[in-house]
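Note sheet for the following structure.
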Amino acid sequence: MSGRKKITVVGAGMVGATAAHWAASKELGDVCLIDIVEGMPQGKGLDLMEASPIEGFDANIVGTNDYADTKDSDVVIITAGLPRKPGMSRDDLVAKNTEIVKSVTEQVAAYSPKAKLIIVSNPLDAMVYVAHKVSGFPTNQVMGMAGVLDAARFRTFIAMELKVSVKEVNAFVLGGHGDTMVPLPRFTTVAGVPLPELLSAERIEALVDRTRKGGGEIVGLLKTGSAFFAPSAAAVQMAESIIKDKKRILPCAAYCDKEYSVGGYYVGVPVKLGAGGVEEVMEINLNDDERAQFQSSVDAVKELVQKISL
Ligand code: TXD
């Protein structure tokens, strides 16, 4: 036990282990890495701990298969899941990962009733719904990571195109993960200047298209597995805003009822993240085109959620 905050990462695979790395190296707190595979989280945890004298971070890192070790976590990042295997339909994957996220969430919630849950497992918009239902936690305690990643990809491509620091680029995205993401160029800025004043509509559309297919581009290159550096960094940025009560405005999958007239689903919207978790959903006025795109994204989430039986 230490007086530090505690972050649990469920699933010690590519995203999970890398999230543990970012969290420890940023000294967000002690880290508990848990997986169903025996020995693996213990090995990765110890290996990461042994990097601490070199990198100079103070954090206890525990690898485990026992949920008792996750007790009293402040933030839990859930990355557990199966990737799609050959012959497996998208619906098969939804059913399998629903089972996994359900069992994981039940155990996490029992040991850490106050934790903020950040869901990463795919299909994201459905898994965050599962975690919310199963935990019984208030909506401010449960959220999903997708928008920070999608926005980061968009920011990267804009910075590459304009040959400027990524720090100058702020991107605004709404909606679901990947295909159904809704980028908002008029709220995307470079050093405060709206993107449409800097790039032609055609170039913006090309960058948007690359962003939408960003996950697939990495999968195509890696051949096995999917992106993990940026996804884990994104989840840890959300954790940091909560742990340090930074109140950053980040695009997350958050519960929206009256907000944007969604009617009780988890969708990607800008939220204020602080010690209270999702402290506020930020509503902005959308034009007709943006609203239509957002609505079809919401419809896609609804369709996915309807396939889930808990
Ligand atoms: O934007 C996003 N939200 C995403 C989502 C970006 C990247 C990856 N995204 C999804 O995260 C991906 O589609 C997967 O569903 C998860 C995790 O991806 P990762 O690349 O880390 O997958 P791995 O390396 O296969 O790791 C998954 C781990 C693996 O070690 C399993 O043993 C473990 O999950 N696993 C479990 N842990 C605990 N408990 C249970 N039941 C369990 N089942 C599997």
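The values are calculated or read from the model by the stated rules, or taken from the named source; none is laboratory data. What you see is a predicted model, and the numbers here were worked out from it, not measured in a lab. In this analysis, Cβ positions are derived from the backbone assuming ideal geometry, glycine residues included, and neighbour counts consider all displayed protein chains. We work out accessible area using only protein heavy atoms, side chains counted, and drop any ligands, DNA or RNA first. Shrake-Rupley method; radii C 1.70, N 1.55, O 1.52, S 1.80 Å.
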| request: Among the residues of segment 254-293, count how many are among the charged types (D, E, K, R) and more than 22 Å from residue 212 (Cβ to Cβ). | output: 7
| request: Could you please find all residues in segment 48-99 being touching a residue at least 60 places away in the same chain (Cβ under 8 Å), of a type in the set (Ser, Thr, Tyr), within 12 Å of the ligand (Cβ to nearest atom) and in contact with a strand residue (DSSP E or B) (Cβ under 6 Å, 6 or more places away or on another chain)? | output: 70
| So how many residues does segment 109-139 have that are more than 10 Å from the ligand (Cβ to nearest atom) and closer than 19 Å to residue 15 by Cβ? | 6
| query | Looking at residue 241, is it of a type in the set (S, T, N, Q), in a helix (DSSP H, G or I) and more than 14 Å from the ligand (Cβ to nearest atom)? | reply | yes
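Kindly indicate the residue of segment 8-35 that is within 16 Å of the ligand (Cβ to nearest atom) and assigned to a strand (DSSP E or B) and also nearest to residue 105 (Cα to Cα) among those meeting that condition.
Among residues in segment 8-35 that are within 16 Å of the ligand (Cβ to nearest atom) and assigned to a strand (DSSP E or B), the one nearest to residue 105 (Cα to Cα) is 10.
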| request: Inspect segment 36-47 for any residue being out of contact with any Asp or Glu (no Cβ under 9 Å at 6 or more places or on another chain), within 12 Å of the ligand (Cβ to nearest atom) and in contact (Cβ under 8 Å) with a residue 60 or more places away in the chain and give the result as yes or no. | output: no
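Right, residue 272: of a type in the set (Lys, Arg), buried (at least 16 other Cβ atoms within 10 Å of the Cβ) and free of Cβ contacts under 8 Å to residues at least 40 places away in the same chain or not?
yes
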| When you scan segment 1-25, how many residues do you find that are surrounded by fewer than 24 Cβ atoms within 10 Å (Cβ to Cβ), in the same structural domain as residue 62 (by TED's automatic domain parsing), among the hydrophobic types (A, V, I, L, M, F, W, C) and more than 11 Å from residue 79 (Cα to Cα)? | 1
| task | Take the residues in segment 182-232 that are closer than 21 Å to residue 287 by Cα and hydroxyl-bearing (Ser, Thr, Tyr), then tell me which one is nearest to the ligand (Cβ to nearest atom). | result | 188
| query | part of a loop (DSSP other than H, G, I, E, B), free of Cβ contacts under 8 Å to residues at least 60 places away in the same chain and of a type in the set (Lys, Arg), is that true of residue 302? | reply | no
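Can you say whether residue 202 is of a type in the set (D, E, K, R), under 27 Å from residue 132 (Cβ atoms) and in a helix (DSSP H, G or I), as far as the supplied structure shows?
no
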| message | residue 266 - would you say it is hydroxyl-bearing (Ser, Thr, Tyr), assigned to a strand (DSSP E or B), open to solvent by less than 60 Å² (accessible area, probe 1.4 Å) and in contact (Cβ under 8 Å) with a residue 60 or more places away in the chain? | response | yes
| said: Would you confirm whether or not segment 159-179 contains a residue that is over 25 Å from residue 90 (Cα atoms), at pLDDT 95 or above, crowded, with 21+ Cβ neighbours inside 10 Å and assigned by TED's automatic domain parsing to the domain that holds residue 243? | reply: yes
| query | Name the pairs whose Cβ atoms lie under 8 Å apart, with the first residue in segment 122-138 and in the same structural domain as residue 100 (by TED's automatic domain parsing) and under 18 Å from residue 83 (Cα atoms), the second away from the ligand (no atom under 13 Å from the Cβ) and open to solvent by less than 10 Å² (accessible area, probe 1.4 Å), and 6 or more positions between them or separate chains? | reply | 125/267; 125/301; 126/301; 128/142
